[in-house]
Amino acid sequence: MNSQYYMDLEHEYGAHNYHPLPIVISRAKGVYVYDPEGKRYLDCLSAYSAVNHGHRHPKIIKALIEQTKKLTLTSRAFYNDKLGEFLKKLTETAGFEMALPMNTGAEAVETAIKLARRYGYMKRAIPEGKAEIIVAANNFHGRTTTIISMSTDPSARDYYGPYTPGFVVIPFNDAEALEKAITPNTVAFLVEPIQGEAGVLVPAEGYLKKIRKITSDHNVLLMLDEIQTGFGRTGKLFCYMHEDIRPDVLIVGKALGGGLLPVSAILADKKYMEVFEPGTHGSTFGGNPLACAVGMAAIDVLLEEHLPERSAELGAYFKGELMKIRSKLIKEVRGKGLLIAITLTKKARPYTEALKERGILAKETHEDTIRFAPPLVITKRQINGALRIIKAILKKEIA
């Protein structure tokens with residue numbers, strides 16, 4: 001069967017809630033993916049940073065296969081012999097006392113919201129039903145009805161009301177707005193350290209330190225959504241480490257699954273996590289033995305292969321070379337580590353399609369921006385090959 005067959009099949013039987021590039025991926029390894037016809041492409045999206053380790057990393061694949069031979073699912077009705085080991089490795093790696101495992105990033109964000117509200121009611125005596133969580137405009141935290149209630153993106157939010165109350169929206173990268181928005185009922189500030197889906201919007205240096213001080217001064221939880229920026233993507237293990245701060249709640253996912261399975265979690269110290277009691281929150285698949293084995297292998301590979309350090313070095317090089325391109329199409333280049341964006345003066349879709357034709361897979365966001373986020377195992381030679389194509393594409397106008 002050829003690529004057109006598979007695209008037609010999906011178009012006929014699947015809901016049209018995506019607008020993918022016209023390419024079918026049938027196999028992958030490392031930084032490369034292949035279509036049914038055998039053409040090779042350099043993956044510069046990494047499944048929105050879920051494939052930081054590269055496609056089908058052999059150590060992570062081995063961990064998955066070995067675990068499938070023993071045990072895959074128990075639910076949390078029982079203990080299993082992998083969950084404790086996974087939580088120990090995750091918390092010690094990230095520097096928190098406890099973790100609560102889930103599956104998708106959106107589930108982890110929902111878990112963080114529930115923690116913040118319970119903490120406000122149980123520990124701060126906020127009147128029940130009055131808790132407020134401050135969020136940033138242009139955020140992307142997921143697709144559930146509660147999460148889209150705090151979104152300012154019409155495509156994510158429109159026609160899904162009535163919306164969940166309890167959220168206050170302020171501008172991103174504005175510490176003064178945060179301080180002004182805090183009330184006695186504010187329980188948390190939920191924010192991405194870099195807004196990925198908004199177009200890789202990097203806040204001013206010092207912003208994270210400012211919001212850390214403000215939230216601490218007002219006894220408000222700082223909850224950082226590092227689902228996309230975590231596990232080495234920005235050149236540090238976690239993005240907040242660039243400013244030497246520590247959130248109260250860390251939300252992780254995507255790359256924690258090693259590109260194989262959905263694995264997510266929230267991390268916090270015991271004084272916050274203890275608001276959860278038996279029966280107050282849960283997940284059938286969260287913390288399943290298969291996901292735990294994969295998550296542990298993903299963490300091991302990240303550290304053993306020094307992927308955050310590679311991201312810092314190669315990301316600085318990639319971004320620096322992109323900034324050297326002289327083209328009237330380029331409005332701005334920004335990013336941190338191997339999370340980089342180019343904003344164009346024209347719509348980006350024709351250019352992502354042109355890149356695809358030349359063997360580079362990247363995706364437009366917010367119409368005028370191209371995001372580049374290759375697996376962290378990419379080499380300088382492979383980046384140079386991509387740069388030659390990117391330069392050629394961005395030096396010509398495409399109707």
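Every residue, every condition in (1) surrounded by fewer than 24 Cβ atoms within 10 Å (Cβ to Cβ); (2) within 16 Å of Glu107 (Cα to Cα); (3) touching a strand residue (DSSP E or B) at 6+ places or on another chain (Cβ under 9 Å); (4) touching a residue at least 24 places away in the same chain (Cβ under 8 Å), yes or no:
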{"residue": "Val263", "(1), (2), (3), (4)": "no, yes, yes, yes"}
{"residue": "Ile266", "(1), (2), (3), (4)": "no, yes, yes, yes"}
{"residue": "Phe276", "(1), (2), (3), (4)": "yes, yes, yes, yes"}
{"residue": "Gly282", "(1), (2), (3), (4)": "yes, yes, no, yes"}
{"residue": "Cys292", "(1), (2), (3), (4)": "no, no, yes, yes"}
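When the range 183-200 is filtered for residues that are assigned to a loop (DSSP other than H, G, I, E, B) and either over 22 Å from Ala106 (Cβ atoms) or of a type in the set (Lys, Arg) (or both), the ones remaining, listed by number, are Thr183, Pro184, Asn185. Screening Lys180, Lys130 for residues that are of a type in the set (D, E, K, R) and outside any loop (DSSP other than H, G, I, E, B) leaves exactly one candidate, Lys180.
Name the one entry in Ile342, Ile390, Ile383, Ile378 that is modelled with pLDDT of 95 or more and part of a loop (DSSP other than H, G, I, E, B).
Only one candidate qualifies: Ile378.
Taking (1) among the acidic types (Asp, Glu); (2) assigned by TED's automatic domain parsing to the domain that holds Pro374; (3) crowded, with 24+ Cβ neighbours inside 10 Å in turn, Asp248 satisfies each apart from (2).
Scanning the range 67-86 for residues that are touching a helix residue (DSSP H, G or I) at 6+ places or on another chain (Cβ under 7 Å) and of a type in the set (D, E, K, R) yields Lys82, Glu85. Residues of the range 36-66 being more than 28 Å from Thr369 (Cβ to Cβ), assigned to a loop (DSSP other than H, G, I, E, B) and in contact with a helix residue (DSSP H, G or I) (Cβ under 8 Å, 6 or more places away or on another chain), which ones? Listed by number, the residues that qualify are Pro36, Glu37, His57.
Between Pro203, Pro262, Pro278, the distinction of being within 15 Å of the chain's Cα centre (by Cα) and either on the phi < 0 side of the Ramachandran plot or not in a loop (DSSP other than H, G, I, E, B) (or both) belongs to Pro262 only. Across the range 162-183, the number of residues qualifying as of a type in the set (Asp, Glu) and crowded, with 18+ Cβ neighbours inside 10 Å comes to 1. Given the condition in a strand (DSSP E or B) and of a type in the set (Ser, Thr, Tyr), answer yes or no: does some residue in the range 23-35 qualify? Yes; the residues of the range 23-35 include at least one that is in a strand (DSSP E or B) and of a type in the set (Ser, Thr, Tyr). Here the condition is being under 30 Å from Ala99 (Cα atoms), of a type in the set (A, V, I, L, M), part of a helix (DSSP H, G or I) and out of contact with any Cys (no Cβ under 8 Å at 6 or more places or on another chain); of Ala316, Ala354, Ala291, it holds for Ala291 alone.
So if I check each of Ile378, Ile390, which one is touching a residue at least 24 places away in the same chain (Cβ under 8 Å), closer than 19 Å to Gly199 by Cβ and either buried (at least 22 other Cβ atoms within 10 Å of the Cβ) or not assigned by TED's automatic domain parsing to the domain that holds Gly30 (or both)?
Numbers: Ile378 fails: closer than 19 Å to Gly199 by Cβ.
Being touching a residue at least 24 places away in the same chain (Cβ under 8 Å), closer than 19 Å to Gly199 by Cβ and either buried (at least 22 other Cβ atoms within 10 Å of the Cβ) or not assigned by TED's automatic domain parsing to the domain that holds Gly30 (or both) holds for just one of Ile378, Ile390, which is Ile390.
Does Ala156 meet the test of being more than 23 Å from Met122 (Cβ to Cβ) and not in a loop (DSSP other than H, G, I, E, B)? So Ala156 fits the description; yes. Checking every residue in the range 23-42 against the condition of being under 14 Å from Cys292 (Cα atoms) and free of Cβ contacts under 8 Å to residues at least 60 places away in the same chain gives zero matches.
Need the failing condition index for Gly258 against (1) in contact (Cβ under 8 Å) with a residue 40 or more places away in the chain; (2) surrounded by fewer than 23 Cβ atoms within 10 Å (Cβ to Cβ); (3) out of contact with any strand residue (DSSP E or B) (no Cβ under 7 Å at 6 or more places or on another chain), just the number. Here Gly258 meets the rest and fails (2).
Taken together, the residues in the range 362-399 that are of a type in the set (S, T, N, Q) and touching a strand residue (DSSP E or B) at 6+ places or on another chain (Cβ under 6 Å) amount to 2.
Might you check whether a residue that is farther than 18 Å from Lys236 by Cα, modelled with pLDDT of 95 or more and either outside any helix (DSSP H, G or I) or not aromatic (Phe, Trp, Tyr) (or both) occurs anywhere in the range 300-312? No, every residue in the range 300-312 fails to be farther than 18 Å from Lys236 by Cα, modelled with pLDDT of 95 or more and either outside any helix (DSSP H, G or I) or not aromatic (Phe, Trp, Tyr) (or both). On the stretch given as the range 239-257, residues that are under 23 Å from Arg117 (Cβ atoms) and either of a type in the set (Ser, Thr, Tyr) or part of a helix (DSSP H, G or I) (or both) total 1.
The values are calculated or read from the model by the stated rules, or taken from the named source; none is laboratory data. Nothing here was measured: the structure is a model prediction, and the numbers come from that model. Note: ideal-geometry Cβ built from the backbone for every residue, glycine included; neighbour counts use all protein chains shown.
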